[in-house]
Amino acid sequence: MKNIKIVYGRNGSGIHRRMRSKVADFAAHAAAEDRAFFIVPDQYTLTAERFLLAAVGEKALRNICVVSFKRLASLSFSEKGKTFDFVGEGGRAALVSAAFDAVSPQLKYYAGYSDFYFNEALCERIKMFKEYSVSPDALLSAETSDAVRDLALIYGMYDSLLGADRADPADNLRLFAELIAEHGLFRGTTVFIDFFKVLNASELSVVRALYEAGAEINVGLVEDESRDDCGIFAPVLEVENKLRRFVEKDGGKLVYEKAENGTGYQSNGLVQLEDFLATDGNSEPPDCDGVNIYEATDISDEVDFVCCRICELVLDRGYRFSDIAVVTRDDERYAPYFEKLFADYEIPFFRHKKSGLTEKKAVRFLSSLFSAIRFGFRADDVIDAVSCGYIDGGDPTDLAEFERYVRIWNVNGKGFFEPFGRSIRGFSGGESPSEEDTARLARAENVRLTVGEVLSYLGRGSDKATVRTHAERLFSLFEKTGLEEKINADTQTLAAMGEKTLADENEKLFELLVRGLDEYVRSAGDSEVSFDLFGRMYLRIISEYSVGSIPTALDTVLVGGADTAPLLDKRAVFVLGLREGSFPKTPSSSPLVPERERAALEEQGIVVDISPFDKFLYEQFIAYYALTAATERVYMSYPSSDGGEGVPSEVFDRCRAA
């Protein structure tokens, strides 16, 4: 049986450059029939392709396919004529809700738990069961609690509802591994795997299938030779141990090749910082060359500091914007500050994260409508829906008069379905309104008529019908309000303002709103639900969708999460938000499976999640990776106040003290 080659080294060792050179060397010497696959995370495919193109040229690249695991699975399914109808994240939410309803009479622990947030936790838990290749039968046969038994029943019913013609997205790599084993795919090929911080259970199942099929495998791992299972590289060591177990089981072994530490850095300070963090402080403290530490007063001050330093690097030190990355562990919290301050400083940036649909105005409009119906037409919900501008009824002045009347006279509930007949100026208007006041009241009344018509059209929250019927009524409202045309108008406005990224995202919005309806109907079209539940589930479905775009310019600062942003070859990296509990993150509990139950299952050979301590180690590794990714300069900071007193994280304190 073949061995697996492990190319390893710490950050700054040039490990990724060495792996890319191995791929380039294969391409340069490959015979016409030789094939290799360079498997990288999605965000690194373009980087890898550009390197290989520059290194060996377009002709040599014909022997190499740069892919992610999911892309390779898709290509293989297509080649073998396998078609899987994968439900989306939203479809999973709808089917999980139906599965819960179907088995609810049998539930003991979770009986009566059915609500929007429980559904969200159930979806995440079932996704994790699948990623760890845990079947419902395995859970039912384990000695465990009523809570886990209930989860197994829901999970089993969910799989039944999927049927033979549909599959969950989390099953993708498991099905791919089975396809490799069934057909002996990739026998005689060479596989290079790089740029992954760790490999998860599903990815490891594919690596094992490739190995057992006879592929020659090379894996790049960021680690050192200490083999400390409680050290900074412990998460990577666990991946290595899993590789070793299945290789040695088949008579093979792991063969190691080390990349020398520190060879990828251009400043002595970064060499020392990396060694300081990698050895848990048991080395010389870093000097100040290339290492910058800042204690900000708040997030705004922290991002302002980043903007000032970026301008300095570009204007005074000859950096390009694309040489720079900014990462946090709480991207959503920092996003508004990035948007405002980067614009103020005229710094072009690309946010390495797709935007959720819930951030879009059209989704806020629908959410406000559903809330208005659910809560008996509260004033705030109705005004929020009107302020989105998707209900016809006049110009902004008319809408302002409508809101004024509602606020003055505290209109709620059935008041929106009765004529506005009181003074537009409240009690100060007297009994004899002026012509101007009468005209203003008429404008407010015109808006009320249109709003009342829309609200009446959707009906009451308690109205029950099939999902299909509710979906048809909502789509009719889309047509009635001209929602598609108004979203298109928003897109054109954004484009005219120069907001190309937002315009590109908005252009896809209506299509995704309709896809959400289609997915809900396909998953549970004949189920009878109240309109209130339909609205909440529909929002749940479309909240799982995201929209994104490629960078609109080549020279932009990369902004993203520390765990996913591609930091290869960045000359300067800003690491923000190094607050206790935020970065590194405090490990979260496993959804719906308490730690005691998780540990009990693991003792029986059923792994459903990693332990809290392993999560803690992973967060430490993410912090190490971000702080040591730059080749020339790293800037680390935290906000000392952010809605309360901020405490710096241990890693920030250690670096500052050193």
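Read the figures in this text as sums done on the coordinates, not as results from a lab. Remember, it's a predicted structure, so these values are computed and weren't measured experimentally. Note: ideal-geometry Cβ built from the backbone for every residue, glycine included; neighbour counts use all protein chains shown.
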- Item | Amide H within-cut-off set for Arg35, under 5 Å, with H built and near neighbours excluded | Thr190
- Under 15 Å from the Cβ of Ala496, count the other residues' Cβ atoms, weight Lys and Arg +1, Asp and Glu -1, and hand me the total. -3
- Ranking Val411, Leu369, Cys288 by how far each Cα lies towards the positive end of the charge dipole of the chain (+1 on Lys and Arg Cβ, -1 on Asp and Glu Cβ), the top one is Leu369
- At 0.36 nm per residue, minus the direct Cα-Cα distance, what do Ile408 and Ala54 gain on full extension? Give it in nm, one decimal, please. 120.7 nm
- Task: Choose one of Leu277, Gln106, Val647: the residue whose Cα lies farthest towards the positive end of the charge dipole of the chain (beta-carbon charges +1 Lys, Arg; -1 Asp, Glu; about the Cα centre).
- Result: Gln106
- What angle do you read, to the nearest 10 degrees and between 0 and 90, between the alpha-carbon axis of helix 331-344 and the longest principal axis of the chain? 80
- Within straight-line cross-link reach of Lys253, aspartates and glutamates at Cα separation under 14 Å, skipping those fewer than 8 residues along the same chain: Glu212, Glu216, Glu240
- Query: Over 28 Å between Cα atoms, which of Lys2/Lys242; Lys82/Lys127; Lys340/Lys360; Lys82/Lys258; Lys22/Lys615 qualify?
  - Reply: Lys82/Lys258; Lys22/Lys615
- Query: Taking the Cα atoms of the chain, what is the range of coordinates along each of the three principal axes, in descending order and whole Å?
  - Reply: 91, 63, 51
- Message: Please list, ordered by chain and number, the residues whose modelled amide H lies under 5 Å from the amide H of Gly646; skip anything fewer than 5 residues away on the same chain.
- Response: Ser641
- Hey, with R₀ at 22 Å, roughly what FRET efficiency would Lys197 and Arg245 work out to, going by the Cβ-Cβ distance, to 0.05? 0.60
- What 222 nm value per residue comes from the helices of the chain, counting each DSSP H run with n ≥ 4 as -39,500 (n - 2.57) and dividing by all residues, nearest 500 deg cm²/dmol? -16500 deg cm²/dmol
- Loop-located GluC sites (Glu not before Pro) in the stretch 1-88 whose Cβ has at most 16 other Cβ within 10 Å (DSSP): Glu33
- Item | Net charge dipole size for the chain [Lys, Arg +1 and Asp, Glu -1 on Cβ; Debye, nearest 20] | 1280
- Query: Relative to the present Cα-Cα distance, how much length would full extension add between Val647 and Asp115 at 0.36 nm per residue of separation?
  - Reply: 187.9 nm
- Give me the distance in nm between label points sitting 7 Å out from Cα along the Cα-to-Cβ direction at Ser141 and Gln604, one decimal. 1.1
- Could you pull the Cα extents of the stretch 492-638 along its three principal axes, largest to smallest, in whole Å? 58, 55, 25
- Pull up the cross-link candidates among the lysines for Lys108, meaning alpha carbon to alpha carbon under 20 Å and not fewer than 8 places away within one chain. none
- Note on the structure: Excluding residues fewer than 8 positions from Lys130 in its own chain, the lysines with Cα under 17 Å of it are Lys70
- Count the lysine pairs in the stretch 453-609 that are 8 or more places apart or on different chains: how many have C-alpha atoms under 28 angstrom apart? 7
- Message: Report the gain in length on full extension from Asp289 to Gln266: 0.36 nm times residue separation, minus Cα-Cα distance, nm rounded to one decimal.
- Response: 7.3 nm
- Query: Hey, got the dipole for the stretch 446-564? About the Cα centre, +1 on K and R Cβ, -1 on D and E Cβ, debye to the nearest 20?
  - Reply: 480
- DSSP-loop trypsin sites (Lys or Arg not before Pro) across the stretch 133-230, with at most 16 other Cβ within 10 angstrom: Arg187, Lys197, Arg227
- Pair Lys108, Asn3: separation of 7 Å Cα→Cβ label points (nm): 5.2
- Message: Calculate the FRET efficiency for Glu595 and Arg654 from the Cβ-Cβ distance with a Förster distance of 22 Å, rounded to the nearest 0.05.
- Response: 0.20
- Count the net charge of all other residues whose Cβ sits under 11 Å from the Cβ of Asp518, scoring Lys and Arg as +1 and Asp and Glu as -1. +1
- Message: Calculate the FRET efficiency for Ser68 and Thr438 from the Cβ-Cβ distance with a Förster distance of 56 Å, rounded to the nearest 0.05.
- Response: 0.30
